[in-house]
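Chemist: Please read through the structure below; I'll follow up with questions.
The values are calculated or read from the model by the stated rules, or taken from the named source; none is laboratory data. Computed from a prediction, not measured in an experiment: that's the story for all the values here. Note that each Cβ is placed from the backbone with ideal geometry, even for glycine, and that neighbours are counted across all protein chains shown. All accessible areas refer to the heavy atoms of the entire protein, side chains included, with ligands and DNA or RNA removed. Shrake-Rupley method; radii C 1.70, N 1.55, O 1.52, S 1.80 Å.
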Amino acid sequence: MSWHVLGAGSLGGLWAARLARAGVPVKLILRDQASLTRYRAAGGLTLVEDGQANLHPIAAETPNHGAPIRRLLVACKAYDAEEATAALAPRLAPGAEIILLQNGLGSQEAVAARLPRARCVFASSTEGAFREGDFRVVYAGRGHTWLGVQGERRTPEWLDDLHTAAIPHQWTHDILAKLWRKLALNCAINPLTVLHDCRNGGLRDWPQEVAGLCTELAELLRQAGQPDAAEDLHAEVLRVIDGTAANYSSMYQDVAQGRRTEIAYLLGHACTQAERLQLKLPHLDDLLQRLREHLTARGLPVT
Ligand code: NAP
């Protein structure tokens, strides 16, 4: 059975190239005909790994042409996922499975609500990749991808394809805990690096601010029914700050390059959920307010 990968960007390219080179059938779904023409001119997708570039002539198509889709990997940004996936609704076979790679929370539920007959698998990945050019992806950081349907312990047979393709992964019956934990780590680090214009390690100069956010985030996680994700959050945030001290956060890089951020699905989602739970979290609210002002001043969307 063929995989369809929606979005030939960083993670989509990384997944598609590894599946294709392992002999697993895979097709890319590109945005439109113009994109498909550019892709064909490039001769395929190039993956750069350990300094070595390899071209993978993976089949590609546009959203409204092609065979029925049974297994779809959605690799768009969170803000594009719902519309991009819904556009494929006429092509989804009964019982189709959709694997959602988006960071943060909110986009997965939006996709699932638009496509109630599909089975949505959520994913949380610590792998790192970036686009060096059109259809040229650099595998920048080894990591791991957690996959799961909340509460479901039975693993799908397609995990074998990930084994074959050497994509490091693990199934979890508590994927929401993984996604919430990653969201909380992101909220405690990324917006502050943008506001203080620093690498992750620069946050060592703001210990009180980091500690205040962690207290509120842990409270939010507990009230949102994720007590495990709240465990030792502050200690892990400090470990991440130390372990990635020389790095610029993904949100920092997005803002520096004038790219739209996924704020609505990260800090924005945290604040929306706090409001829904009638929690007063002044540090988080203040952070969101300051981040929105910062983005607006640079002409970037705040949603
Ligand atoms: P990306 O490099 O920007 O790639 C997104 C791709 O989606 C682009 O190729 C874009 O096409 C495509 N796309 C958007 N709308 C589309 C549509 N309607 N039809 C077809 N294609 C469409 O993003 P990314 O870095 O891979 O991130 C994807 C998700 O993974 C994000 O939620 C991110 O937070 C998460 N994530 C990324 C990494 C990483 O290292 N990159 C790690 C962990 C998690 P265009 O080029 O035409 O715009």
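Chemist: List the residues whose amide H sits under 5 Å from the amide H of Leu92, counting only those 5 or more places along or on another chain, with H placed 1.01 Å from N in the peptide plane.
Modeler: Close amide H contacts, sequence-distant or interchain: Ile69.
Chemist: Here is a follow-up. List the trypsin sites (Lys or Arg not before Pro) within the range 151-187 that DSSP assigns to loop and that have no more than 13 neighbouring Cβ atoms inside 10 Å.
Modeler: Values: sites: Arg153, Arg154, Lys178, Arg181, Lys182; in loops: Arg153, Arg154.
Passing sites in the range 151-187 are Arg153, Arg154.
Chemist: Please list the non-local residues whose amide H lies under 5 Å from the amide H of Thr46, H modeled 1.01 Å from N, same-chain partners needing a gap of 5 or more.
Modeler: His56, Arg136, Val137
Chemist: Next question, about the same structure. Using the Karplus curve 6.51 cos²θ - 1.76 cosθ + 1.60 with θ = phi - 60°, work out ³J(HN,Hα) for each residue of the range 35-40 in order, rounded to whole Hz, and write x for Gly and Pro.
Modeler: 5, 5, 5, 5, 5, 5
Chemist: To check you understand DSSP bridge types, tell me what percent of the beta bridges within the chain (both residues inside) are antiparallel, rounded to 5. Display every interim value, and only then the final one.
Modeler: Working: 14 of 40 bridges.
Of those bridges, close to 35 percent are antiparallel.
Chemist: While we're here: Over the range 5-130, average the accessible area per residue using a 1.4 Å probe and give it in Å², no decimals. Numbers along the way, then the final one.
Modeler: Numbers: 5110 Å² over 126 residues.
Heavy-atom accessible area per residue stands at 41 Å².
Chemist: So what are the ³J(HN,Hα) numbers for the range 278-286, from phi and the Karplus equation (6.51, -1.76, 1.60; θ = phi - 60°), rounded to whole Hz, Gly and Pro as x?
Modeler: Using θ = phi - 60°, the values come out as 6, 9, 9, 10, x, 5, 5, 4, 5 Hz.
Chemist: Heavy atoms only, probe 1.4 Å: what % of the accessible area of the chain goes to carbon and sulfur, would you let me know?
Modeler: Roughly 49 percent, rounded to a whole number.
Chemist: For Leu73, list long-range residues whose amide hydrogen, built 1.01 Å from N in the peptide plane, is under 5 Å from its own amide hydrogen.
Modeler: It is His4, Val5, Leu6, Ile99, by chain and number.
Chemist: For His173 paired with Leu159, estimate the spin-label separation in nm (one decimal), with each label point 7 Å from Cα along the Cα-to-Cβ line.
Modeler: According to this spin-label approximation, the distance is 1.2 nm.
Chemist: Still on this structure: Kindly list the residues of the range 219-243 that lie in the label zone of Arg199, defined by a backbone N under 15 Å from the point 7 Å along the Cα-to-C-beta vector.
Modeler: 240-243
Chemist: Tabulate in residue order the Karplus-calculated ³J(HN,Hα) for the range 199-206, using 6.51 cos²θ - 1.76 cosθ + 1.60 with θ = phi - 60°, rounded to whole Hz; enter x for Gly and Pro.
Modeler: After applying 6.51 cos²θ - 1.76 cosθ + 1.60, I find 6, 3, x, x, 6, 4, 7, 10 Hz.
Chemist: Return the distance in nm (one decimal) between the two label points of a simple spin-label model at Thr37 and Arg131, each offset 7 Å from Cα along Cα→Cβ.
Modeler: So the label points at Thr37 and Arg131 sit 1.8 nm apart.
Chemist: Ok, one more. Near Lys182, which aspartates and glutamates are there with a Cα under 12 Å away, not counting those fewer than 8 places off in the same chain?
Modeler: Glu236
Chemist: Please compute, over every Cα-Cα pair in the range 1-92, the percentage with a separation greater than 24 angstrom.
Modeler: Details: 611 of 4186 pairs.
Counting every Cα pair in the range 1-92, those more than 24 Å apart make up 15 percent.
Chemist: Got the relative contact order for the chain handy, in percent, Cα pairs under 8 Å and 6 or more residues apart? If you can, show how the numbers build up before the last one.
Modeler: Numbers: 556 pairs, mean separation 44.8, N = 303.
Computed value for the chain: 15 percent relative contact order.
Chemist: In whole Å, what is the distance between the alpha-carbon centres of the range 31-90 and the range 232-303?
Modeler: 29 Å
Chemist: Also: For helix 175-195, what angle does its Cα long axis make with the longest principal axis of the chain, in degrees from 0 to 90 and rounded to 10?
Modeler: 60 degrees
Chemist: Among Leu195, Thr303, Gly258, flag the residue with its Cα farthest along the positive direction of the charge dipole of the range 174-303, charges on Cβ as +1 for Lys/Arg and -1 for Asp/Glu.
Modeler: The listed residue farthest towards the positive side: Gly258.
Chemist: When the dipole is taken about the Cα centre of the range 142-201, and only Lys, Arg (+1) and Asp, Glu (-1) are charged at their Cβ, what size is it in debye, to the nearest 20?
Modeler: So the dipole magnitude of the range 142-201 works out to roughly 260 debye.
Chemist: With a probe of 1.4 Å, find how much accessible area the range 177-297 has per residue, and write the answer as a whole number in Å².
Modeler: On the way: 5810 Å² over 121 residues.
It amounts to 48 Å² per residue over the range 177-297.
Chemist: Could you state the angle between the C-alpha long axis of helix 267-276 and the longest principal axis of the C-alpha atoms of the chain, as a value from 0 to 90 degrees rounded to the nearest 10?
Modeler: Once rounded, one gets 70 degrees.
Chemist: Compute the convex hull volume of the Cα atoms of the chain, divide it by the residue count, and report the result per residue in Å³ as a whole number. Before the final figure, lay out the partial values.
Modeler: On the way: hull volume 39.3 nm³, N = 303.
In the chain, the Cα convex hull volume per residue is 130 Å³.
Chemist: So what is the 222 nm mean residue ellipticity for the chain from helices alone, if each DSSP H run of at least 4 adds -39500 (n - 2.57) and you divide by all residues, rounding to the nearest 500 deg cm²/dmol?
Modeler: Details: 12 runs with 131 residues, N = 303.
About -13000 deg cm²/dmol.
Chemist: Run the reach check for Lys178 against lysines, Cα to Cα strictly under 23 Å, same-chain hits fewer than 8 apart removed. What comes back?
Modeler: Cross-link targets: Lys77.
Chemist: Alpha carbon centre of the range 95-110 versus the range 161-194: separation in Å?
Modeler: 13 Å
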